């Protein structure tokens, strides 16, 4: 094997260090001795469970709406597609807190939709899911659209000549073809949803057991007890890394 | 009665396809033409993958132009087969029957039978990437035939195969086409495939039909440079008068036939002889030419000639050595009138 | 991690004093009052407004400050903090009090959605004490007082328990005083820091804050003496 050029290796190593050192900081400063006790605190477990549940539900929501949206962007020809694609990425550039306010203006008690929806999303677990899905969906849509563009559209044509409607061609041929892309997108989406803070606390508020996810618990713990915040962060980190590693082996690897 | 009766008009930017096609049940027609002639566009239009700008498609009396591809009784073998990579060979072939309403079990039974017919028993569970080129071609054929199409379309069915596999696959494809009861249309740029597989040839250039007929009549009397090159002939068009045809300003060829008006003259490269001096004797066509290029052609050398007319001459390496041929050299070319064929344009 | 935070702060240059300038780290709730005081005093003051806990952490990591004004008690070794103002909780409601709330027990009404601060932040800790006698079920425990107030302004809640000064600074809400808030009065402390590079200037600023003029500005902002 040829030696990698130093001009690439040096910035690569620096980049890796930049990403990993903060984690090292967390691990080094963690109060390991008190970790089991803190883990057993009721608030911690409920925040963790809530985080995992809402991130998973948000990912499901993103899959249900995001995959068809990605298909539309990749395959259908309609006026204003460029604009639509740009709009899809808006949550990426929007500060999450602003996203939360925007969600309130739409789904809030006096929001555009919320006022005739009959029920109120803010301060509910459903609200957490909505906030996370809003922020995480672009990751899924972009990943799936990329996979669809990479997949040969003529397979859909071949399916059509064999009698498959567009829907059947999509579900039987296209979806399995881009499954790795969808899985990668879903993982990104789930990870983003799991770490979501700004939109969640703004839109869904913070109430233990109902809307207080791990990132919110970490943020509030920071106000009073740095050690506790580190422990919570490590728990979130450990659980998410374990789940992602397990999924990767099964689906993506 | 003809099973397929189509008038295909497709306008794409800067290109217009306008051809009329008829194919009888049981007949195999080859759509032959150079790249970019519109062959594949015609095939896609028949399959419903490319909307018609104008014209009609009738198959067994049924109008299809506005029918979506999945509702047309048409099977397609794509150039690179497009076997679904995530499905086994069996599931690929069963896909069509399943869509046409068969139960999963029945569809698989039909698929297994088709795989057996194309000689692939035992490979049912292979994924496309585990198949050789020839095997993949046969799975693609089985998949297209498994829906029992009234019209079978094949897009360059042998183009992706290496020379050796091609011979075998061509033979087995010929057999399956012969036993297919519906109409079949092959798109190809390979004259050998066209002549060996099809009952009738339709030659397309620049979006229009330039010649059609059986292989013998087309090779005997090519009507365009493209066809002439395909069948290996020198071809000229000019004004005929008695036994001469004026094919270039101030240059006429003497021919055996008696022709009048617009005429073609064709002769084989092997009919052209080369001489250092002007040849004398017998009624010959002789002209001074410049050698534009020399390259191997089978056991012989093919010499490209410039001059009053462009022509190809085939000579033996021995003759070439004797003549000390080099590019740019001036030389005399000659063709006997009896070796030419002249026919009305 | 704290060390890194402090380092970033120094690197970013927001705490480096100019010649003769006084650098004041002050609780966010003091923003309006202190800005006015600085202008009136004629002193060259540079502010860093943030949550009291965050400021304390920054000072602890060596951020170059002359004065620290906190919404809570200052517990830094070697400094002598003095109390200079008090802040009291009120029930904030939308202008015109559409739900007709009058007293703390009205927050228990099922049709009234209430936002409190999380216990981990000062306004939440204070609210917990003040609301000890009533079983209020808040819909959310916000990360800070401004967030609680913005939920009210957006109409998502009907009431928020916040500081008087916050209500005073927001034109579209009004405050309802309640006697139970006397149990949870927030005492603000101010101190010249030990490491201050400009002790004279720092002391001058603290003196001005505690003067009649300074007090007037604080009261105008909703603080109590």
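Worth a mention:
- Segment C:89-184: Rg to Rh, with Rh as the Kirkwood radius over Cα pairs: 0.90
- In chain B, helical runs assigned H by DSSP with n ≥ 4 each contribute -39500 (n - 2.57); averaged across all residues and rounded to the nearest 500, the mean residue ellipticity at 222 nm is -8000 deg cm²/dmol.
- Multiplying each eigenvalue of the alpha-carbon gyration tensor of segment B:1-72 by 5 and taking the square root yields semi-axes of 19, 15, 10 Å, largest first, rounded to whole angstroms.
- With Cα atoms, 0 to 90° folded angle of helix A:6-29 axis to chain A main axis: 40
- Sequence-separation-based contact order of segment B:234-344, relative, with Cα cut under 8 Å and 6+ spacing, percent: 34
- Just so you know, the averaged projected area of the alpha carbon convex hull for segment B:163-229 sits at 5.1 nm².
- Tail fraction, Cα-Cα pairs, segment B:117-255, threshold 25 Å, whole percent: 42
- Average Cα contact separation per residue, segment B:2-227, under 8 Å, 6 or more apart, as relative contact order %: 30
- Stokes-Einstein D (µm²/s) once Rh is taken as the Kirkwood radius of segment C:138-208 over alpha-carbon pairs, at 10 °C in 1.306 mPa s: 105
- GNM top mover of B:168, B:91, B:206 - chain B, alpha-carbon springs below 10 Å: B:168
- Note on segment A:111-253: Kirkwood hydrodynamic radius from all Cα pairs is 17.8 Å, rounded to one decimal.
- Our helix-only sum for chain A, with -39,500 (n - 2.57) per DSSP H run of n ≥ 4 divided by its residues, gives a mean residue ellipticity at 222 nm of -23000 deg cm²/dmol.
- The Rg/Rh ratio of segment B:293-344, with Rg taken over Cα atoms and Rh as the Kirkwood radius over Cα pairs, comes to 1.00.
- Shape parameters for chain A, alpha-carbon atoms, Rg then Dmax in Å: 21.1, 66
- Between helix A:226-247 and chain A: long-axis angle, C-alpha atoms, 0 to 90°, nearest 10: 30
- Taking the longest Cα principal axis of chain B as reference, the axis of helix B:133-145 is set at about 60 degrees.
- Short to long, the 10 Å bins of the Cα pair-distance histogram for segment C:168-225 hold 18, 36, 30, 13, 3 percent of all pairs.
- Comparing Cα centroids, segment B:37-112 and segment A:164-204 end up 31 angstrom apart.
- Once Rg and the Kirkwood radius are both taken over the C-alpha atoms of the protein assembly as shown, their ratio Rg/Rh works out to 1.22.
- By other beta-carbon atoms within 10 Å, ranking B:179, C:105, C:196 with the fewest at the front produces B:179, C:105, C:196.
- Once divided by 2.2 N^0.38 Å, the Cα radius of gyration of chain C becomes 1.07.
- A simple spin-label model places the labels of residue C:213 and residue B:310 9.9 nm from each other, with each point 7 Å out along Cα-to-Cβ.
- Adding -39500 (n - 2.57) for every DSSP H run of four residues or longer, then dividing by how many residues chain C holds, sets the calculated 222 nm ellipticity at -9500 deg cm²/dmol.
- Estimated translational D of segment B:234-344 in µm²/s (Stokes, Kirkwood radius over Cα pairs; 10 °C; 1.306 mPa s): 112
- Three semi-axes describe the equivalent ellipsoid of segment B:18-113; taken as square roots of 5 times the Cα gyration tensor eigenvalues and ordered largest first, they are 28, 17, 13 Å.
- At 0.692 mPa s and 37 °C, Stokes diffusion of segment A:143-226 via Kirkwood alpha-carbon radius, µm² per second: 207
- Choice from A:163, A:195, A:181 with maximal GNM fluctuation in chain A (Cα, 10 Å cutoff): A:163
- Converting the Cα gyration tensor eigenvalues of segment A:81-139 into ellipsoid dimensions via √(5λ) gives semi-axes, longest first, of 22, 13, 10 Å.
- Projected onto its three principal axes, the C-alpha set of segment B:2-227 covers 50, 40, 31 Å, listed from the longest axis down.
- Relative exposure of B:114, A:116, judged by other C-beta atoms within 10 Å (fewest first): A:116, B:114
- Fewest-first ranking of B:195, A:214, using other Cβ atoms within 10 Å as the exposure measure: B:195, A:214
Read-outs: derived from the displayed coordinates by stated rules, not from any lab. Please read these numbers as outputs of a predicted model, since none were measured by experiment. For neighbour counting, all protein chains shown are included, and Cβ atoms are generated from backbone atoms with ideal geometry for every residue, glycine included.
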